[in-house]
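Data first, discussion second: the structure below is written as structure tokens.
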Amino acid sequence: AAAAATAAPAATPGPDKLEPYRKMLLMGVPPPAVQLRMAKEGLGDADVRAVLGDAAAGARKGKAKAQQTPAQQRKTKQLHWTKLDECVDVRATVWAGGSPAGGGASTKGSPAQIGDEDLALLEEIFAAKPPAALAKKKPAAAAASKTAGAADDDDDATLKKVSLVEDARRAANVAIGLEYFSRQYRGDDDALCRAVASFSEWLDGPKLRSLQLQLPTADEAAAVESYVAAGKDVGRLARPERFFAATLRWPGFGRMLEAACFRAEFDEAAWDASRAADCVAGAAEALMESAGLARVLRYLLKAGNTLNSGLANGNAAGVALDSLDKFATARGKGGMNLVDYVAQIFHDQGAAKHLDFVDGLPSLSEASRYVDDD
């Protein structure tokens, strides 16, 4: 009895325990994923063979063959991204926290983990090989499909545009900026250039300034010139490059555009300049006529000459306008400057009312905006 018990094979689960895995196969789950699930749930090789049959052995043989092949075919599609340089410290980036790969289920509050089953599903979704349904086409249908595909490739090659701008963001910004003008001139860049040269009334100052931003840089112009000089089709160029090519057909187009901007903005600029001149002239006249300001300046001049006594810049009759700030920047004890000193003298002598002359002056803040340091 003991020998019989020893010889008896190990009991296997009933058919009902293996049925879920068979259903997984019927639903299209890849055999490797089913095998991983069975191994994770503690089922042995006999159970795997009972469900997968030769599929498991075939998978193992295929895997061994793939390992022996030096240049094996990719199982998944390639993700075209840009890796961080090795010198980058990822601890200071959003990628910190460790690799998400690894087995085991994630717990609440912990980072999600990618298990073997998830990887098997990922390989299934992003498989590099074509779907089986397409591989089973009849020869005639496959040939027809190949011919149609070749025609589509020719169409794509015809429609594909040549981009010479290295900065993709710059190319996108130029294309967006030109869209407004394309609606007016129906995409005819030569018509747009003629409108600039003829001072079109539709092209006002803001539009012309916007168009200036779309002009080619020196490198972009050189690239387009080389392309055109090689006898290549300008129609194959992308939207920004076609506009660049059109501007290059107009010698000095950049200066022409600047002249159009000056003309369009002249009336407004002249009015602003006249208003600024009146504002500055009015402020200067008020300052010259202020007796209180003159009194304070004389006190400051006397204090300055006292400090510079015996020096080459002493005994001054006056100072230049750009030296007036020195009265406020020259500091003494307690941080007091010469303006504070003179104000204190006025206060101690009971003449603080003479400092109220500021209230009688017009607002100088607007006039100061028009004063150029040069």
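Applying the condition of being out of contact with any strand residue (DSSP E or B) (no Cβ under 7 Å at 6 or more places or on another chain) and among the aliphatic types (A, V, I, L, M) to the range 234-248 and asking which residue is surrounded by the most Cβ atoms within 10 Å (Cβ to Cβ) yields 246.
For the range 170-201, the tally of residues that are open to solvent by 70 Å² or more (accessible area, probe 1.4 Å) and either closer than 11 Å to residue 241 by Cα or in contact with a helix residue (DSSP H, G or I) (Cβ under 7 Å, 6 or more places away or on another chain) (or both) stands at 1. Scanning the range 31-51 for residues that are more than 14 Å from residue 17 (Cα to Cα) and of a type in the set (Gly, Ala, Ser) yields one hit, 33. Within the range 212-233, the set of residues being open to solvent by less than 80 Å² (accessible area, probe 1.4 Å), free of Cβ contacts under 8 Å to residues at least 12 places away in the same chain and over 29 Å from the mean Cα position of the chain (by Cα) comprises 230, 231. For the range 227-285, filtering for residues that are over 30 Å from residue 362 (Cα atoms), among the hydrophobic types (A, V, I, L, M, F, W, C) and assigned to a helix (DSSP H, G or I) leaves 16.
Each residue in the range 325-353 was checked for being touching a residue at least 24 places away in the same chain (Cβ under 8 Å) and loosely packed, with under 14 Cβ neighbours inside 10 Å, and 1 pass. Sub-6 Å Cβ pairs linking a first residue in the range 39-54 that is among the hydroxyl-bearing types (Ser, Thr, Tyr) to a second residue that is surrounded by 13 or more Cβ atoms within 10 Å (Cβ to Cβ), at least 6 apart or interchain, number zero. Within the range 340-361, the residues that satisfy the criterion of being over 19 Å from residue 301 (Cβ atoms) and either polar (S, T, N, Q) or not in a helix (DSSP H, G or I) (or both) are 350, 361. Criterion applied to 273, 320, 294 was being at pLDDT 80 or above, open to solvent by less than 50 Å² (accessible area, probe 1.4 Å) and of a type outside the set (S, T, N, Q), and the one residue passing it is 294.
The values are calculated or read from the model by the stated rules, or taken from the named source; none is laboratory data. What you see is a predicted model; the values in this text were computed from it and never measured. Don't worry about glycine lacking a Cβ; one is built from the backbone with ideal geometry, like all the others, and counts go over all protein chains shown. Just so you know, the surface numbers come from the protein's heavy atoms only, side chains and all, with ligands and any DNA or RNA stripped out. Shrake-Rupley method; radii C 1.70, N 1.55, O 1.52, S 1.80 Å.
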